[in-house]
Amino acid sequence: MSSAPLRVAILGATGSIGTQALDVIRSLRRAGHPVAVVALAAGRRVDALAALAREFAVGRVGVAGPTEADRLRDILPVEVVTGREGLCHLASLPDVDLVLNAVVGAVGLAPTLAALAAGKVLALANKESLVIGGDLVVRACRREGQIVPVDSEHAALFQILSALDPGEVERVWITASGGAFRGRDPATLAAVTPAEALAHPVWAMGPRITIDSATLVNKAFEVIEAHHLFALPWDRIGVLIHPQARVHALVELRDGTVLAQLSPPDMRIPIQAALTHPARLSPAPARLSLPGLALTFEPLPVDPYPAFWSVLEAGRRGGTAPAVANAADEVLVEAFLSEKIPYPAIATGIAEVLSAHESVPVHDIDSIYAADNWGREMARAIVARRASSV
Ligand code: MG
């Protein structure tokens, strides 16, 4: 990094990625690398947001709605914006160089498009942007490399593929730890509790993505993300079960060489790589201990992960189908976490909603949000039907 500070806006500042990004920024600053936090946004955790805004001397913040805005103004004299429009405003501020979009959910698509249109570097952690709006996002890019992925598998692919000519690549692999229920008899999954599903063997993450890791819906999303981000055909993106979660992605080349990216399962590493790209700065947030490190890779088993295949198929179908899959998953995961539906109903619910959906091509963000609403309504109806039949 040069001596001029990097000016960042962090959307989703109080979530798992947001708080780790702020940790990375604290550590970079201690090491003498100037990073200015210009804007922060969070949904409803007003007190936590106010504390961060105070610590980083941030003058502009975004919150979910007017109630949160009033509460925040009572605590701190800052400029407050609200909702999706507020996120878009912060993502396109003239004095921001880099936008970290770590918002959870479909609402993250709009600020992604706003940041790209405004020419910002977009450190992208919001999966939904590419999952539900892949075509729009790719079209909105104003230059090569404008999106720097934060998701660990895509950060790995980005780092490897940046050094290669596309013609040299045979196929890419992203890895999956296999989630909380790897190796478990699918017949026993009807009885699992939210607490069991939330106990991810390797990564500490937010609740929705942890459940999505158990069902492997997260991995299907990641295949869809990779397809759009790296313009890769579906049949050249593979998934490997890799329980140690030290290798995040591999690239097989035409000549038989395989390049892999390894790092500890610590999101601060891809976050720091995205913030400082293309530079590599110390201190490292964590280091891999190589002696004695054993790595295994297995093919993805078909049976235990039905939701993976439904969501992947929705991605291949394209149009509004992935938005519907994402919306249904969001509602069904929430219903599972609040113990309204059993674990296997996440997968059966997604399949049911998708089979009722007629995908149409996506022309603008409104058609995506309309499909998102439709998917949510359908999934809520499934949850309600289950609740009334118990
Ligand atoms: Mg990932």
Expressed as a percent, the accessible surface of the chain that is carbon or sulfur, using a 1.4 Å probe and the full set of protein chains, is 55
Counting all Cα-Cα pairs in the chain, those more than 28 Å apart amount in percent to 46
Of 291-297, 25-31, 321-327, 372-378, ordering from highest average Cβ density within 10 Å down gives 321-327, 372-378, 25-31, 291-297
Scoring only Lys, Arg, Asp and Glu (+1, +1, -1, -1) among other residues with Cβ under 15 Å from the Cβ of S27 yields +3
Taking a label point 7 Å from the Cα of D235 along Cα-to-Cβ, the residues of region 138-172 whose backbone nitrogen sits under 15 Å from it are 170-172
Checked region 291-357 with the C-alpha gyration tensor, a ≥ b ≥ c its square-rooted eigenvalues, rounded below a/c of 1.5, otherwise prolate if a/b is larger than b/c and oblate if not; verdict oblate
Phi-derived 3J(HN,Hα) across region 267-279 with the Karplus relation (6.51, -1.76, 1.60, θ = phi - 60°), rounded Hz, x for Gly and Pro, is 5, 5, 6, x, 5, 5, 4, 5, 5, 9, 3, x, 7
For I271, the net charge from surrounding residues (Cβ-Cβ under 15 Å; K, R +1; D, E -1) works out to +1
Taking every other residue with Cβ under 10 Å from the Cβ of V78 and scoring Lys and Arg +1, Asp and Glu -1, one gets +2
Of all trypsin sites (Lys or Arg not before Pro) in region 38-69, the ones in DSSP coil with at most 14 other Cβ atoms within 10 Å are R44
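Mind putting a number on the dipole of region 64-150 about its Cα centre? Charges go on the C-beta only, +1 for Lys and Arg and -1 for Asp and Glu, and I need it in Debye to the nearest 20.
260
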By the Kirkwood definition, with r running over pairs of different Cα atoms, region 143-223 has a hydrodynamic radius in Å of 14.7
For region 1-144, the dipole about the Cα centre with charges only on Cβ (Lys and Arg +1, Asp and Glu -1), to the nearest 20 debye, works out at 240
With +1 at each Lys and Arg Cβ and -1 at each Asp and Glu Cβ, the charge dipole magnitude of region 194-288 around its Cα centre, to the nearest 20 debye, comes out at 300
Taking r as the C-beta separation of R380 and A279 and R0 as 45 Å, the FRET efficiency to the nearest 0.05 is 0.45
Rounded to whole angstrom, the alpha-carbon centroid of region 250-264 lies from that of region 159-183 at a distance of 8
Computed over region 64-222, protein heavy atoms only, probe 1.4 angstrom, the accessible area per residue in square angstrom equals 37
For region 43-183, using Cα atoms only, the Rg and Dmax in Å read 17.7, 57
Between the residues H277, S263, L312, the Cα farthest towards the positive end of the dipole of region 247-315, that dipole coming from +1 and -1 charges on the beta-carbon of Lys, Arg, Asp and Glu, is from H277
Taking a crude spin-label model, label points 7 Å out from Cα along the C-beta direction, the V258 to R184 distance in nm is 2.8
Extension length gain for A199 and R139 (0.36 nm per residue less Cα distance), in nm, is 17.8 nm
For S388, placing the label point 7 angstrom along Cα-to-beta-carbon and taking region 349-377, residues whose amide nitrogen sits under 17 Å are 377
From DSSP H assignment alone, runs of 4+ in the chain each adding -39500 (n - 2.57), the sum over residues rounded to the nearest 500 puts [θ] at 222 nm at -14000 deg cm²/dmol
Here, S367 and A163, labelled 7 Å along Cα→Cβ, have an inter-label distance in nm of 4.0
Residues whose modelled amide H sits under 5 Å from the amide H of R171, counting only those 5 or more places away in sequence or on another chain, are E252
Of the candidates A190, A204, G238, the farthest towards the positive dipole end of the chain (Lys/Arg Cβ +1, Asp/Glu Cβ -1, centred on the Cα centre) is A204
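The values are calculated or read from the model by the stated rules, or taken from the named source; none is laboratory data. In this text the structure is predicted, and so the values were computed from the model without any measurement. Methodologically, a virtual Cβ is constructed for each residue, glycine included, from the backbone with ideal geometry; neighbour enumeration extends over all protein chains shown. Keep in mind that these areas ignore ligands, DNA and RNA; they rest on the heavy atoms of the full protein, side chains included. Shrake-Rupley method; radii C 1.70, N 1.55, O 1.52, S 1.80 Å.
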